[in-house]
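Working notes for the structure below.
The values are calculated or read from the model by the stated rules, or taken from the named source; none is laboratory data. Keep in mind that what you see is a predicted model, and the values were worked out from it rather than measured. With ideal geometry, Cβ positions are generated from the backbone for all residues, glycine too; neighbour counts draw on all protein chains shown.
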Amino acid sequence: MFLIHCPYCGELRDEQEYRYAGEAFIQRPSLDCTDEQWGDYVFNRTNPKGKTVEQWAHAAGCRKLFVVERNNVTNEIYAVRTFESYKEQA
Amino acid sequence: MKRLYKQANERIDRSKEIHFSWQGAHYTGYAGDTLASALLANGVKLVGRSFKYGRQRGIMAAGVEEPNALVILEPETGYHVPNARATEVEIYPDLVAKAASGIPSINEDLRAWLKPFHRFMAAGFYYKTFMSPALLWPKYEEQLRKLAGFATAPNKPDAETYDHYNQHTDVAVIGGGAAGLAAALAAANAGSKVLLLDERAQLGGELVVDAGRDPAAQAWFNQTYAALEAHANVKILVRTTAYALHDYNLVLALERRQDHVTIGARNPHQSRQRLHRIRANKVVLATGSHERPLMFANNDLPGVMLASAVSRYQYEYSVLCGSKPLVVGNNDSIYEVARDLVKAGTRPTVVDCRMGYDASDLTKLGVLVKQGYTIVKAEGRTSVERALIAKTAYSDSHGWVVGDAPETIACDLIACSGGFSPLVHLDCHTGSKPWFSKDYQAFMPACDKPHRYVAGSVNGHSDWQGAAAEGEYVGLLAAGQAANPVNAPKLLNVADFICPDVGRDKVFLDMQNDVKASDIELAILENYRSIEHIKRYTALGFGTDQGKTGNVNGIAVAAKVMNLPIEAVGTTTFRPMYTPVTMGVLAGSEIGLHSDPQRFTPMQASHRAKGAEFEVVGQWMRPWYFPQGSEDMHQAVARECLAVRNNLGMMDASTLGKIDIQGPDARELLARVYTNAWAKLAPGKCRYGLMCDETGMIIDDGVTACISDTHFLMTTTTGGAARIYNHLETWLQTEWPDLKVYITSVTDHWSTTAVVGPKARRLMEKLCKDVDCSAANFPFMDWREGTVCGVPARIMRISFSGELSYEINVQANYGRFIWESVMEAGKEFNITPYGTESMHVLRAEKGYVIVGQDTDGSITPYDANMAWAVSLNKPYPFLGQRALTRSDTARPGRKQLVGLLTDDPHKVLNEGCQLVAEIGSKAMIGHVTSSYFSPVLGRSIAMAVVKGGLDLMGTKIYAKPLSYEVIPLTIVDSVFYDQGKEKIDGEI
Amino acid sequence: MAKFETALEGHDFNALAGNGFQVSEERNYGYVVLRIRPNTAGAAEALTQLGIQLPNALGITGALDTKLVKWLSPDEYLITLPLSQKDAFIKDAKAALHGIFAAVVDNSGGYSLLKLSGEHVYEVLAKNCVYDCSKFLSEGKVISTLFSKAAAVIYRIDANNVYLMVRWSFADYVFQALAISSREFR
């Protein structure tokens, strides 16, 4: 069971308050993409071993989604960031 | 009696005699005794029978590692505890205990009669013997099950309660021995909040033995304990086992709050056991170590004990385990035990496989010390009577070699020590691998995770002073203070494992599961190589003790047989739980009706008073039907449905999810998440919407009302409310952060009373004076703001039955008032409350789908025959739009939603029933999704998904239920009733 | 006369009260959700006009007898105010925020507000919440978390009481959880 620092509430909270919300930064293809591209977008995930970049929602807290960079082998959390912070970086 | 005169620091209270029952006979012990110490004090040697061979077994240890003494407490009552370890059970007045093994009893065990066949019952015996014919396995299994296992399961409901408690602390110290005590005090003195846990009733750990040997140890304990007790930063939990250590220092611990109290004296307002969920910034593992037994023939005979346990029984409980003891081992600790036994008035024999230890103090007292010898066999009829010892020789290439000319030594107790195994369990729960110390001949904790420390004998310290010094050191570190490193552990001088030459002798490794050294050899002979596989093939460490005494010896045997170093074999995986945990405490207070939230609408009190039967929908308790008199469900539903069709009904629709949507882009959000068009929906109007996910499959539906151009109220299915809210939030926050729209759940704010039936308008006109309810001025799919019985309301003319229907939405606080006012005013129309079952029948008669029943995540809007709800021309393609043209989604032959009519109008199909095209066919072409008897049509109706079904109207197909019947039926349109929609405006 | 009821109408709160733990349900408050980002154009003026000061994360401003404003998320605030003032406030708020990207939502029927007090209050909370209320729930602080399995907003505005706010439909479940976890203090 992790502890995750919510970037909006500004506190370390128990995993029970959160909801895993899938891989982050999946690009939604445009309507004119091929069936294969759409299928890839809908069904396929990278599923790496080691560092993952994933979305979590503070479901029982502020209900905001954000990004957690986590090692899924050791469960070490490298960073918790808002979507805006990635935009500013880019 | 084997009780000694009062030992200096004994922990029994001789002023309090305790009477208890064991195997139906009465015994007496003292307060402070465990069941094991009390039985030993009473001379009871036989406490169980072994798992596979029915061999006699006695108490071997003094703690949780005990493999043999499994007992049942308070049998056949609501307090029945199966498989408790006698070494952990604190006796209390009138305790009733019996052995957990023995078929039929521990004195006479059937399995022991099979002795001539035991040599055929090696590892894999069951797999090999009962493999074929496969069909007979259930028969074999039935018989084998009777022979397997230990205690019987409780046959009465648990009379006690359990709870959970969240703890937060700076430092959690696990283990209250010398190291743990010192760590706790040091951390607390440095300002940290400390939680100290120990599994025993009293703190001290092995200090109780040290105190027997050295008064300074007792003085140190008294002083440290007093300081901890008085310390404001320290919380002590005794009788509390930390059974798991998870990521981010989450410690799970089981506290036995009342297990030590006489049944009648337990406080019913308190839980029996409590699960502590401890979040600690730092964890100190001062978990100690367990002694390993030696491996020799018949090493399971009652009277063979762990040497350290013998001392523990002597000092803690003043119990002498044997009058003619033999102390044997491969390390220095046996001499201390021998000195203890001398103090207790016996003259032990000491057998040490090594040479060179200076035991002159003992020999001067007349103790026979045989160095360069080890034990090869224990003999005795019901318990130890003698031991056979033989000469040993050690070489680096071959390890220990034991000679074959044994000498006999008479004894009634064999206190043996094969070295110590640190309790690395908790450290390994988060994935750390222990490392093998050649010097200490043991697997040591890696302690390679952050915010974690180990101290004491788990780290190899053999003396309490060294353990305490290390405890103090890590206590300071855990509190964030600088500390001077302590000396390396003073390791016990331990020789290599003495693995037996595996012959036909029974050398037990895992006493609880009857796994012998020869079983390990056989597994390797049959080509198992990984210790994980060897474990599973032989069942080594599979018992309730999880191999605490046997596993490491088993690894040593495997290493010898494979001619590998022990570290190359490695350990099996240590997983939670460290010791068995009751199911009750895992459930805590979340049992029965409280196991999951039950959600109620504001009308609940009325429903209950009306005698409604309830159905769980999501977590909601919804009225299922309202039986009158002796009606069964079918009679009640028939009455309710006909009332709605012919007269007037009312339903509690409060449970539907409601989401308030506001902002300039509110309309755009709806257009993106629903498949249909929203651009032209005007204020005052409602529209049905169909929602898909990106796979193009239907995930929800519901009616949305336009409050204003920038304000909408969406309804979702009852079970889908939270999921759809999350769905919308996720899209808004991730993909569409630029949309100016706020969504807010108002499900609980609104209560909804639906007034349904041809006479609904007449009722509304009675209750609501400020809204014109005429068909012309308040048409279907409109909503109005008004006042009902003096309460501000939003009234929606929407219908899930095809009848004239007004849904009256008011603030929840007035929900019951409105419901009961409608009921009262409706008396003149004989208004009939109806539940979810009638709602289902009424909607099926109209062919309305229920998402999640008629759809299952593989149904597109086209599959559901709802192309009318798909608008492909919106500026921003709706979620799932692209998926609708994928080759698989658009292919012909997909399962499509149709209606079914059975040839026999009284035959009601089972929902889920499979459909075939021809009588003899086994190829399923679809299945029934909804099926009811329609009271208004006087016949059965069903909905189904059928491959290419929309092109098969009028086709005869067949249903094949599990009953092997074949039911002929016809595919029809799914609207069964009022195809012309003539009823929607009710009585004009 | 329309009959007004709370979520726990008729529940026996005396049966829960005991040695060092009491619960009561507040009846006379309205609950309004305000959705707004503090930096939204025009927000500051409108909020000043309404007499609302937006609190920072996990913070509370105002008072129960006028308007208690609680932070729920960066763009969501829960306003508790006397029920008699609720409708007028909503009207004023909608007028003041007209044309500004914000939402005012009446959720007065959506909640049950419970007031917990007594020396054992943090033990009862510890049995139901993973959040360390005894350490971190200081005066003037609000958190959203789980109470047993129900979503809850928990806050403190004075030394003696802890306010526990749960959705109407979960109120009975929470009442049962309180009854179970306070049993040993009765």
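Values as computed for the structure displayed
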read-out: Given (1) touching a helix residue (DSSP H, G or I) at 6+ places or on another chain (Cβ under 8 Å); (2) modelled with pLDDT under 95, number of the condition B:Glu316 does not satisfy; value: (2)
read-out: Among the residues listed as B:Pro82, B:Pro116, B:Pro133, B:Pro104, the single one being within 25 Å of B:Ile59 (Cβ to Cβ) and exposed (fewer than 11 other Cβ atoms within 10 Å of the Cβ); value: B:Pro104
read-out: Residue within region B:266-287 that is over 30 Å from C:Lys135 (Cβ atoms) and surrounded by fewer than 24 Cβ atoms within 10 Å (Cβ to Cβ) present; value: yes
read-out: Odd one out for B:Pro877, checked against (1) surrounded by fewer than 17 Cβ atoms within 10 Å (Cβ to Cβ); (2) part of a loop (DSSP other than H, G, I, E, B); (3) under 43 Å from the mean Cα position of the chain (by Cα); (4) within 14 Å of chain A (Cβ to nearest Cβ); value: (3)
read-out: Long-range neighbours under 9 Å by Cβ, at least six apart or interchain, first residue in contact (Cβ under 8 Å) with a residue 12 or more places away in the chain and closer than 14 Å to B:Val376 by Cα within region B:392-411, second in a loop (DSSP other than H, G, I, E, B) and of a type in the set (Phe, Trp, Tyr); value: B:Trp400/B:Phe497
read-out: Qualifying position, being over 30 Å from B:Lys156 (Cβ atoms), in contact with a Phe, Trp or Tyr (Cβ under 6 Å, 6 or more places away or on another chain), within 14 Å of chain C (Cβ to nearest Cβ) and not hydroxyl-bearing (Ser, Thr, Tyr), among B:Arg599, B:Arg622; value: B:Arg599
read-out: B:Lys52 surrounded by fewer than 16 Cβ atoms within 10 Å (Cβ to Cβ) and of a type in the set (Lys, Arg); value: no
read-out: Where a residue in region B:630-651 is assigned by TED's automatic domain parsing to the domain that holds B:Arg816 and modelled with pLDDT of 95 or more and its partner, wherever it lies, is among the basic types (Lys, Arg) and in a helix (DSSP H, G or I), with Cβ under 7 Å and at least six apart; value: none
read-out: Lone qualifier among B:Gln314, B:Gln371 - being of a type outside the set (D, E, K, R) and either buried (at least 21 other Cβ atoms within 10 Å of the Cβ) or under 26 Å from B:Leu35 (Cβ atoms) (or both); value: B:Gln314
read-out: Strands (runs of 3 or more DSSP E) wholly inside region B:687-765 that include at least 1 residues being more than 42 Å from the chain's Cα centre (by Cα), crowded, with 22+ Cβ neighbours inside 10 Å and of a type in the set (A, V, I, L, M); value: B:698-708, B:750-756
read-out: From the options B:Thr363, B:Thr374, B:Thr382, B:Thr349, residue that is polar (S, T, N, Q) and touching a Leu at 6+ places or on another chain (Cβ under 6 Å); value: B:Thr349
read-out: Within region B:296-383, helices (runs of 4 or more DSSP H) holding 2 or more residues that are out of contact with any Pro (no Cβ under 6 Å at 6 or more places or on another chain) and free of Cβ contacts under 8 Å to residues at least 60 places away in the same chain; value: B:333-343, B:360-364
read-out: Test: C:Val130 is assigned to a strand (DSSP E or B), over 15 Å from the mean Cα position of the chain (by Cα) and at the interface with chain B (Cβ under 10 Å from one of its Cβ atoms); value: no
read-out: Unmet requirement for A:Gly22, which otherwise passes all of (1) within 14 Å of chain C (Cβ to nearest Cβ); (2) part of a strand (DSSP E or B); value: (1)
read-out: From B:Ser801, B:Ser751, B:Ser805, B:Ser821, residue being among the polar types (S, T, N, Q) and either in contact with a Pro (Cβ under 8 Å, 6 or more places away or on another chain) or within 30 Å of C:Ala150 (Cα to Cα) (or both); value: B:Ser751
read-out: Flag for B:Ser530 being surrounded by 24 or more Cβ atoms within 10 Å (Cβ to Cβ) and either at pLDDT 95 or above or out of contact with any helix residue (DSSP H, G or I) (no Cβ under 7 Å at 6 or more places or on another chain) (or both); value: no
read-out: Filter pass, B:Leu46 being surrounded by fewer than 24 Cβ atoms within 10 Å (Cβ to Cβ) and touching a helix residue (DSSP H, G or I) at 6+ places or on another chain (Cβ under 8 Å); value: no
read-out: Filter result (more than 10 Å from chain B (Cβ to nearest Cβ), within 20 Å of C:Gly51 (Cβ to Cβ) and assigned to a strand (DSSP E or B)) within region C:71-116; value: C:Trp71, C:Leu72, C:Tyr77, C:Leu78, C:Ile79, C:Thr80, C:Leu81, C:Pro82
read-out: Residue satisfying condition, being among the acidic types (Asp, Glu), assigned to a loop (DSSP other than H, G, I, E, B) and touching a strand residue (DSSP E or B) at 6+ places or on another chain (Cβ under 9 Å), within set B:Asp427, B:Asp404; value: B:Asp404
read-out: Among (1) within 14 Å of chain C (Cβ to nearest Cβ); (2) part of a strand (DSSP E or B), the one test that B:Met650 misses; value: (1)
read-out: Of residues in region B:949-963 being within 15 Å of B:Met924 (Cβ to Cβ) and within 47 Å of the chain's Cα centre (by Cα), the one surrounded by the most Cβ atoms within 10 Å (Cβ to Cβ); value: B:Gly949
read-out: Tally of residues being within 14 Å of chain A (Cβ to nearest Cβ) and in contact (Cβ under 8 Å) with a residue 60 or more places away in the chain across region C:133-145; value: 4
read-out: Hits in region C:146-158 (condition: more than 20 Å from C:Ile79 (Cβ to Cβ) and facing chain A (nearest Cβ under 10 Å)); value: C:Leu146, C:Phe147, C:Lys149, C:Ala150
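To keep it simple, each residue is scored yes or no on (1) more than 11 Å from chain C (Cβ to nearest Cβ); (2) in contact with a helix residue (DSSP H, G or I) (Cβ under 8 Å, 6 or more places away or on another chain); (3) part of a strand (DSSP E or B).
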site	(1), (2), (3)
A:Arg28	yes, yes, no
A:Glu36	yes, no, no
A:Pro48	yes, no, no
A:Val53	yes, no, yes
A:Thr74	yes, no, no
